[in-house]
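Engineer: Once you've had a glance at the structure underneath, I'll fire off some questions.
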Amino acid sequence: MKTVRLDKFLSDNTPLSRSQIRVTIKKGNVTVNNVVICDFATKISPETDIVKLDNVTVNNKKFIYLMLNKPSGVITASRDKLSQTIIDLVPNQFKHYDLFAVGRLDKDTTGLLLITNDGDYAHKVISPKSNIEKSYIAQVDGVAKDDAVEVLLAGVTLCDGTVCRPAKLEFLGENMVRVIITEGKYHQVKRLLGHVGLGVVKLHRERIGQLILPGNLICGEIIELEYNDAMSVFS
Ligand code: URA
């Protein structure tokens, strides 16, 4: 079975530098299978040993899949001089992964946003070819055209020539609608609703494929998804 030095394992799988790792190991902050290890050269088996740093298990996965309940005011980017970004919200234990958002939500849009380091996964989720539903709830104003549902279901061409695939529109009452699309063009939901006479006051993504934003995931919080949950967007 493959073994690696404890300090190498921690430097590959945490944001800490080699020197910080050595200090933290010497302080007794690292356990392997619940035994404190103070020798940073100790060999461990990454596939079977459970390494904990400050009582938190250290992941050694190649790919990770995170789910954010995105707050309004946060931008879908890695860094920005002025605004907080989704990457600023990522907990320290995941910061050393080369993370990016799967698609994007506007600054003022809230809800389900996936973050990963798996480029193939992100590409497949975003690609219209995958035909994955993205479901949004919008608070709207204005008066919808009588045939709004049929117009969006037929697929529209926006005034700048953007051709949109068929979208489902459902009226939920109290100025609320649900819109389901299978692609992610620039401001697509807002522009589709504008096309049928509705302005968007608030927009929230509730679902991607079969993956639903859990009601108990508070705004701004990020959780790691199990592999099967991340893949449920395709089922
Ligand atoms: N459509 C929009 O208009 N905005 C979003 O953030 C996502 C989809």
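All of the numbers you see were taken from the coordinates with simple rules; none came from a lab. Please read these numbers as outputs of a predicted model, since none were measured by experiment. We place every Cβ from the backbone using ideal geometry, glycine too, and count neighbours over all the protein chains shown.
Engineer: Between the alpha-carbon centers of segment 53-116 and segment 139-156, tell me the distance in whole angstrom.
Structural biologist: Comparing the Cα centres of segment 53-116 and segment 139-156, I get a distance of 33 Å.
Engineer: Kirkwood hydrodynamic radius (Cα pairs, Å) of segment 133-208?
Structural biologist: 12.1
Engineer: May I ask you to evaluate 6.51 cos²θ - 1.76 cosθ + 1.60, the Karplus curve with θ = phi - 60°, for each residue of segment 32-49 and list the ³J(HN,Hα) values in order in whole Hz, giving x for glycine and proline?
Structural biologist: Here the 3J(HN,Hα) series is 10, 6, 6, 10, 5, 10, 9, 9, 5, 8, 4, 8, 10, 9, x, 6, 10, 7 Hz.
Engineer: Do any chymotrypsin sites (Phe, Trp or Tyr not before Pro) in segment 1-64 lie in a loop, going by DSSP, with at most 13 other beta-carbon atoms within 10 Å of their beta carbon, and if so which?
Structural biologist: For chymotrypsin sites (Phe, Trp or Tyr not before Pro) across segment 1-64 that sit outside H, G, I, E and B with at most 13 neighbouring Cβ atoms in 10 Å, the list reads F63.
Engineer: Return the inverse of the average 1/r over all pairs of distinct C-alpha atoms in the chain, which is the Kirkwood hydrodynamic radius, in Å to one decimal.
Structural biologist: 20.0
Engineer: Rounded if a/c is under 1.5, else prolate if a/b is larger than b/c, else oblate: which is segment 4-57, with a ≥ b ≥ c the root eigenvalues of its Cα gyration tensor?
Structural biologist: Because its axes are fairly even, with a/c under 1.5, segment 4-57 counts as rounded.
Engineer: Once the dipole of segment 133-208 is set up with Lys and Arg at +1 and Asp and Glu at -1 on Cβ about the Cα centre, which of A144, H204, F171 lies farthest towards its positive end?
Structural biologist: Selected residue: H204.
Engineer: What percent antiparallel are the DSSP beta bridges of segment 1-109, to the nearest 5?
Structural biologist: Percentage antiparallel, nearest 5: 90.
Engineer: Now for a separate question. Would any residue of segment 1-42 have its amide N under 14 Å from a label point 7 Å out along Cα→Cβ of T48? List them or say none.
Structural biologist: Counting backbone N atoms under 14 Å from the label point, the list is 1-4, 33.
Engineer: A follow-up question, please. Which FRET efficiency value, to the nearest 0.05, is calculated for I218 and K95 with the Förster distance at 35 angstrom and r the Cβ-Cβ distance?
Structural biologist: Efficiency, from the Cβ-Cβ distance: 0.95.
Engineer: Note the full-extension length gain between V35 and V163 as 0.36 nm times their separation in residues minus their Cα-Cα distance, in nm to one decimal.
Structural biologist: 40.1 nm
Engineer: Calculate one ³J(HN,Hα) per residue across segment 191-198 by plugging θ = phi - 60° into the Karplus curve 6.51 cos²θ - 1.76 cosθ + 1.60, and present them in order as whole Hz with x for glycine and proline.
Structural biologist: With the stated coefficients, segment 191-198 comes to 6, 5, 5, x, 4, 10, x, 10 Hz.
Engineer: In addition: If I take R0 = 25 Å and measure r between the Cβ atoms of R5 and D88 in this structure, what FRET efficiency does the formula 1/(1 + (r/R0)^6) give, to the nearest 0.05?
Structural biologist: 0.20
Engineer: For G142, list long-range residues whose amide hydrogen, built 1.01 Å from N in the peptide plane, is under 5 Å from its own amide hydrogen.
Structural biologist: Under 5 Å from the amide H of G142: G199.
Engineer: In whole Å, what are the Cα extents of segment 98-229 along the three principal axes, biggest one first?
Structural biologist: Taking max minus min along each principal axis of the Cα atoms, segment 98-229 gives 44, 31, 23 Å.
Engineer: Which percentage, to the nearest 5, of the DSSP beta bridges contained in the chain is antiparallel?
Structural biologist: Within the chain, antiparallel bridges account for around 90 percent of the total.
Engineer: Same structure, new question: What list of ³J(HN,Hα) couplings, whole Hz, do you get for segment 6-14 from phi and the Karplus terms 6.51, -1.76, 1.60, once you set θ to phi - 60° and write x for glycine and proline?
Structural biologist: 4, 5, 5, 4, 6, 6, 6, 10, 9
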